[in-house]
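A.B. asks: Starting off with a structure, shown below.
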Amino acid sequence: MKKRMGKILALVAAAACMVCMCLGVMTGCTQGAELGTPGTNPDKVFRVVGSWEKTGIGSHYNSGTNIGPVQYFAIEGLYQYVRSTDEIYPMLAESMPVHSEDGSTTTVTIRENAKWQNGEDFTAKDVFAFYYLNHTVVTNYLLSVEAKDDKTVVFHWNPNRTCANEVKDLLIAQDMSGTVCYNEFRSYVDEAYQIVSESEDIPADSTTWGAFNKFSKGELLDRLNVVMDNYKAHKTSWFVATGPFKVTKESPTQIIMEKNPLHWNADNIGFEQIQILSSSDTNQTYNLLTQDRIDYMDGLAPIDTLEAILAQNKQMAHLKMYDPGSIGVLFNMEKTDLWTDKVREAFQYLFNREEIKNLANPYAITSYFPLLGMADSEAQRWMTEEGYDALPRYSHDTAKAEALLQEAGWKKIDGKWHDQGGKLVDLTIGTDKTHAGMSSIAVAVQAELQNFGIESSVKMTDWGAWYASASMDNSTYDMSVYWTDLNMSFSYPTGTYKYFDSLMANVVHVNRYPTEYEIPELAGAINEEFDAQGSKFADANGKVNFSTYVNMMYAYSGDDIKELVDIYNNGIASKLWGIQFYQNVTGSFINVGRIKGVPEEALWSQERNVATVPAEGTDDFYKVACTNLIYANGVAITHGMYQPNA
């Protein structure tokens, strides 16, 4: 095994070496001033990297265009929650929501000085407009949104779709509700509200879900779809936003944002400008960090690359944080002749997960599960002890893998595996080249397959090209290296299942109801059943369908939610749709020379590659999570935690 893994290490190390060589030979590189040098950011600029719609970001957030990092600095909601910690910061709201004693209403007060970037006051009518044009998850639990007065919003909850106050806060906090100016979109808002009002009420005993407890169908549904399409296509004369920075220059390679003097917290925001450089190539982004051309990047580079970056840019530090997601392999279940039950089981035993984890991300936590629907840390939190212990685990056992492949009818001929039809097995592996961990894993997976006797090739593209190919019918990919389980929402089971539904399930090609299904709310939904014998949630056949409860979990708590998660996680695991290699630990590259207020100074002032991952519940656990713009959407800038070292 050591000899075999030596080959894998050599391949991945060679790739990392090439990156480090590129970093080391850059001409014109600047290492930046030593830490502690005052005035390293006199222009008060915060510089980031990202990608966006090259034909233009459009004129409003809900148009469907990719606006990239502009979201972090221009877009706000009433609140901002922080992924992985569930901490909530008031944004356009002046304080936390107030819940009535009977749970029927939640009242939010808007800041008196909250304004749109065009100078208009931001009012409760704008929040009303957002929700009637954007039927987000929270609207499934609401009867209505009321603009009580200019600065008071009242959320009226559906008594038949109850959820805890904590969940209500998080549901509201995840919405970018400062993106629909009523005065700009008035005609669409008024018509959408009228259509929703005229739609049928959903009966109390129905399992159907709909925004504001309404079910639009027939002519009303057609009208609503036209309104929504026209709203998204609407062109405005200004970028509709409330955030602390305004887009003043846009090109395919750079976006410049200037400070918005009308912002509610403008006096406490020290930066005057945001510069966004375009990059969809990992090595190019690493060079930008090395050359001191950007101040921030989320994620975790291979160790050799990370150390090379920090060695050459002495103002840069790297902080670590837990990530509620797992990385591994997704099988393309559309290829039914290839991925039989026995073959998928064999592949669970085939890979040395610990070695692969160490190659891609030594800070991560090795997993021995198949694809679960959620990362291990969330499974432990939300499952019963018995349910968690029942999850299947797979050790590294190539002999077991060989035996299972032989049971599947595969044969090894001249050291190469052939399938049950006698054809040489030659797998195509797809992955996202812009994610350093995934590209490293793909190389390691190919090497382990090669050593095991299975031919394969790796196709690395940017995320968009990979996902388009992986999710299309008759995809050329046999398997993909990507997230197997990921929660991009707050820490509640629905978030991770919904993300699986919207993304990974399309790569796996799970069974779905027809798009023209007779029950509209199930049209296009996942149609996969799990064993639930003896559970009160089971149907007459002792089963639970994935789509039956996935939108209802916020209504459950205590033993009920744990029972449902037991059913879902064990059910998904039994399908063997993929392989978890590890639960991720991610991080933030931050220029601590140019930015003041970066947490863990006692650590990064001694060692800029901070290996410590803050323990859950500690002050640093919350502060470090805010450094990640994907987690916290610019809270560190908006709330003045970060200041320029001017």
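The values are calculated or read from the model by the stated rules, or taken from the named source; none is laboratory data. From a predicted model like this one, the values you see are computed outputs, not experimental measurements. Virtual Cβ from ideal backbone geometry, glycine too; neighbours counted across all protein chains shown. Each accessible area value is taken on the protein alone, full model and side chains, heavy atoms only, with ligands, DNA and RNA left out. Shrake-Rupley method; radii C 1.70, N 1.55, O 1.52, S 1.80 Å.
A.B. asks: What's the center-to-center distance, using Cα atoms, between the range 541-609 and the range 64-138 in Å?
C.D. replies: Distance between centres, Cα-based: 24 Å.
A.B. asks: Using Cα pairs closer than 8 Å and at least 6 residues apart in sequence, work out the relative contact order for the range 448-528, in percent. Don't skip to the end; give the middle numbers.
C.D. replies: Numbers: 61 pairs, mean separation 14.5, N = 81.
The normalised contact order for the range 448-528 reaches 18 percent.
A.B. asks: Work out how much length residue 230 to residue 136 would gain on full extension: take 0.36 nm times their residue separation and subtract the Cα-Cα distance, in nm to one decimal.
C.D. replies: Stretched fully, the residue 230-residue 136 segment lengthens by 32.0 nm.
A.B. asks: Could you give each residue of the range 538-551 its phi-based ³J(HN,Hα) in whole Hz, using Karplus coefficients 6.51, -1.76, 1.60 with θ = phi - 60°, and x for Gly or Pro?
C.D. replies: 6, 7, 5, 9, x, 10, 10, 7, 3, 7, 6, 10, 4, 8
A.B. asks: If you don't mind, another one. Taking just the C-alpha trace of the range 204-304, give me its Rg and Dmax in Å.
C.D. replies: 21.8, 62
A.B. asks: If you count only protein heavy atoms with a 1.4 Å probe, what accessible area per residue comes out for the chain, rounded to a whole Å²?
C.D. replies: Numbers: 25440 Å² over 646 residues.
Per-residue value: 39 Å².
A.B. asks: Can you give the translational diffusion coefficient of the range 492-637 in µm²/s, computed by Stokes-Einstein from the Kirkwood radius over Cα pairs at 10 °C and 1.306 mPa s?
C.D. replies: 85 µm²/s
A.B. asks: May I ask for the distance between the Cα centers of the range 225-300 and the range 390-405, given as a whole number of Å?
C.D. replies: When both Cα centres are located, 47 Å separates them.
A.B. asks: At a 1.4 Å probe radius, carbon and sulfur cover how many percent of the accessible area of the chain?
C.D. replies: Looking at the chain in its full context, I get 48 percent from C and S.
A.B. asks: Take each of the peptides 53-64, 474-485, average the number of other beta-carbon atoms within 10 Å over its residues, and list them starting from the highest.
C.D. replies: 474-485, 53-64
A.B. asks: Just to check I understand the Karplus step: with θ = phi - 60° and J = 6.51 cos²θ - 1.76 cosθ + 1.60, what whole-Hz values come out for the range 453-460, glycine and proline as x?
C.D. replies: Working through the residues one at a time gives x, 10, 6, 7, 9, 10, 10, 9 Hz.
A.B. asks: Excluding same-chain residues fewer than 8 positions from residue 562, which aspartates and glutamates have a Cα within less than 16 Å of its Cα?
C.D. replies: Correct list for residue 562: 376, 378, 385, 386, 389, 531.
A.B. asks: Can you tell me the relative contact order of the chain? Whole percent, Cα pairs under 8 Å, sequence separation 6 or more.
C.D. replies: For the chain, the relative contact order is 21 percent.
A.B. asks: Filter the cross-link list 44/249; 335/433; 259/596; 125/151; 54/115; 168/232 down to pairs whose alpha-carbon distance in this structure exceeds 20 Å. Mind dumping the intermediate values first?
C.D. replies: Values: 44/249 18 Å; 335/433 24 Å; 259/596 18 Å; 125/151 9 Å; 54/115 29 Å; 168/232 27 Å.
Listed pairs above 20 Å: 335/433; 54/115; 168/232.
A.B. asks: Going by average Cβ density within 10 Å per residue, which order do the peptides 323-334, 405-416, 256-267, 136-147 take, highest to lowest?
C.D. replies: Highest-to-lowest ranking by the protection proxy: 323-334, 136-147, 256-267, 405-416.
A.B. asks: How big is the C-alpha Rg of the range 270-386 next to the rule-of-thumb value 2.2 N^0.38 Å, as a ratio? Write out the running numbers ahead of the final one.
C.D. replies: Details: Rg = 19.3 Å, N = 117, 2.2 N^0.38 = 13.4 Å.
Taking N as the residue count of the range 270-386, the ratio is 1.44.
A.B. asks: Whole number please: convex hull volume per residue, Cα atoms of the chain, in Å³.
C.D. replies: 162 Å³
A.B. asks: Here's a follow-up. Can you list which of the DSSP-assigned H helices in the chain have a Cα extent of 30 Å or more along the long axis and an average Kyte-Doolittle score of at least -1.0?
C.D. replies: What comes out of the filter, once short or polar helices are dropped, is 2-24.
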